[in-house]
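Engineer: Got a structure here, written out as structure tokens. Questions coming.
The values are calculated or read from the model by the stated rules, or taken from the named source; none is laboratory data. Just so you know, these numbers come straight off a predicted model, no measurement behind them. No Cβ is skipped: glycine too gets one built from the backbone with ideal geometry, and neighbour counts run over all protein chains shown. Ligands, DNA and RNA are excluded from the accessible area calculation, which covers all protein heavy atoms including side chains. Shrake-Rupley method; radii C 1.70, N 1.55, O 1.52, S 1.80 Å.
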Amino acid sequence: MLRTITPRNARVKRVLKNREAKTEENIKTAIFIRGSQTSQIVNDALADLYMLKKPHAVNFTKKNQIHPFEDHSNLQFFSQKNDASLFVIGTHSKKRPNTLTFARMFDHQLLDMMEVSIEKGTPMKDFKTPKSAIGMKPCFMFNGDMWDQNPHYIMFKSMILDFYHGQTVDKVALAGLEYVISVTSGPMTSEGKPGKIYLRTYTIVLKRSGVKLPRIELVEMGPSMDMTFGRMTEAKPDVWKQSLRVPKELKPKKKKNITKDVMGDTVGRIHMGRQDFDKIQTRKMKGLKKRTASTEEEGESGDKKQRVDDSDDEE
């Protein structure tokens, strides 16, 4: 483990302050590591994933003797030294060829980890098409109905979203959407095991449409990978629950008598006092006017006198 560092100058003090716990955490940094043995497919995949993650990424070009499923102490060391919480380790062996291991850390301790094998891969450099700028937020598209049913697919979806989530923003300009990461789930095998996953990356091209909104076309820019699932280490329930905790400052304040329904509409409840309908001001009409007994007798006598006068006039 790393020793406790005492700041001796302003630069070190700023770095240590940036690593302290915050209400709104920094953008997660990812480290891409090559294992003791790699293949060209693995190297190209690591380089392309690193390019999509820049500038919040660190790429280790030298080979490292690391086996995360057997010993993850190296990950803890790299996590503390580089203040990183995401890892991608590329390895290649006869038993597990062209393997990528995705790992996440919480409080510099291993949270969860999963392994995928690349069966077919086309690097970004083989696509002679326009590429997106560095540091742009991607759009995600998950095709298939397995992303909410099978644990392997659920974890991979959570991993890929966590890797390329970037900074949390309220609004995004249309011109800032430059590329799409599309992940398609294949059908389950005959043995009931998870099928393949197909990862594709497209550049968003905005063209004239004759109206205010532009016409959108997708052009594949790479990388393109067909992968299968391997080993998986799930997070412990108590650690997972702790990692999902939200600070009190970020929790929305509850407003009294205001709720939201299933459709997301805001519904308010109004409490009113007891209403006396006799005192409510209504339209003044003679037929609705409240009369007393004496008033009614005077009214009847007045009506009789008017009828007598009318008969005299007729005669």
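Engineer: Answer yes or no: is there a residue in segment 224-244 that is in a loop (DSSP other than H, G, I, E, B), at pLDDT 85 or above and loosely packed, with under 10 Cβ neighbours inside 10 Å. Write out each step before concluding.
Structural biologist: Applying the first criterion (in a loop (DSSP other than H, G, I, E, B)) to segment 224-244 yields 234-236, 244.
Then keep just the ones that are at pLDDT 85 or above; that gives 234-236, 244.
In the following step, the residues that additionally are loosely packed, with under 10 Cβ neighbours inside 10 Å were identified as 244.
Checked against the condition, which is being in a loop (DSSP other than H, G, I, E, B), at pLDDT 85 or above and loosely packed, with under 10 Cβ neighbours inside 10 Å, segment 224-244 yields at least one hit.
Engineer: Also, I was wondering about something else. Does segment 198-220 contain any residue that is open to solvent by 80 Å² or more (accessible area, probe 1.4 Å) and either among the aromatic types (F, W, Y) or in a helix (DSSP H, G or I) (or both)?
Structural biologist: No, segment 198-220 has no match at all.
Engineer: A further question on this structure: Out of the residues in segment 1-28 that are hydrophobic (A, V, I, L, M, F, W, C) and part of a loop (DSSP other than H, G, I, E, B), state the one that is nearest to K120 (Cα to Cα).
Structural biologist: I27
Engineer: Given segment 29-145, what strands (runs of 3 or more DSSP E) lie entirely inside it while holding 1 or more residues that are surrounded by fewer than 16 Cβ atoms within 10 Å (Cβ to Cβ) and of a type in the set (D, E)? Explain how you work it out, then say what you get.
Structural biologist: On the way: elements: 30-34, 57-63, 86-91, 99-106, 109-122, 139-143.
Filter on segment 29-145 gives 109-122.
Engineer: Hey, could you check segment 51-81 for residues that are of a type in the set (S, T, N, Q) and without any contact (Cβ under 8 Å) to a residue 24 or more places away in the chain and say which is nearest to G222 (Cα to Cα)? Lay out the reasoning, then the answer.
Structural biologist: Keep residues of segment 51-81 that are of a type in the set (S, T, N, Q), which gives 59, 61, 64-65, 73-74, 76, 79-80.
With without any contact (Cβ under 8 Å) to a residue 24 or more places away in the chain added as a condition, the list becomes 73-74.
Details: S73: 33, N74: 31 Å.
Per the criteria, the residue is N74.
The rows are residues; the columns are (1) in contact with a Gly (Cβ under 9 Å, 6 or more places away or on another chain); (2) among the basic types (K, R).
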residue	(1), (2)
H72	no, no
F77	no, no
K81	no, yes
T91	yes, no
L100	yes, no
E115	yes, no
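Engineer: Within segment 146-178, restricting attention to residues that are closer than 26 Å to P130 by Cα and among the acidic types (D, E), which residue is surrounded by the most Cβ atoms within 10 Å (Cβ to Cβ)?
Structural biologist: E178
Engineer: If only one of D238, D265 is acidic (D, E), out of contact with any strand residue (DSSP E or B) (no Cβ under 6 Å at 6 or more places or on another chain) and closer than 17 Å to R104 by Cβ, which one is it?
Structural biologist: Details: D265 fails: closer than 17 Å to R104 by Cβ.
After applying the criteria, what remains is D238.
Engineer: Continuing with the same structure: Filter segment 183-197 for residues that are closer than 23 Å to K53 by Cα and in contact with a helix residue (DSSP H, G or I) (Cβ under 9 Å, 6 or more places away or on another chain); which is most open to solvent (accessible area, probe 1.4 Å)? Let's see the steps before the verdict.
Structural biologist: Here is the first cut: in segment 183-197, the residues closer than 23 Å to K53 by Cα are 183-185, 197.
Subsequent filtering for residues that are in contact with a helix residue (DSSP H, G or I) (Cβ under 9 Å, 6 or more places away or on another chain) retains 183, 185, 197.
Numbers: V183: 0, S185: 18, I197: 0 Å².
So, considering only residues that are closer than 23 Å to K53 by Cα and in contact with a helix residue (DSSP H, G or I) (Cβ under 9 Å, 6 or more places away or on another chain), the one most open to solvent (accessible area, probe 1.4 Å) is S185.
Engineer: Can you pull out the residues in segment 134-151 that are at pLDDT below 90 and small (G, A, S)?
Structural biologist: G135
Engineer: Could you identify the single residue in K256, K260 that is open to solvent by 100 Å² or more (accessible area, probe 1.4 Å), touching a strand residue (DSSP E or B) at 6+ places or on another chain (Cβ under 8 Å) and at pLDDT 75 or above?
Structural biologist: K260 is the lone residue from the list that is open to solvent by 100 Å² or more (accessible area, probe 1.4 Å), touching a strand residue (DSSP E or B) at 6+ places or on another chain (Cβ under 8 Å) and at pLDDT 75 or above.
Engineer: Taking segment 68-105 only, how many residues are modelled with pLDDT of 95 or more and among the aliphatic types (A, V, I, L, M)?
Structural biologist: Adding up the residues that qualify gives 5.
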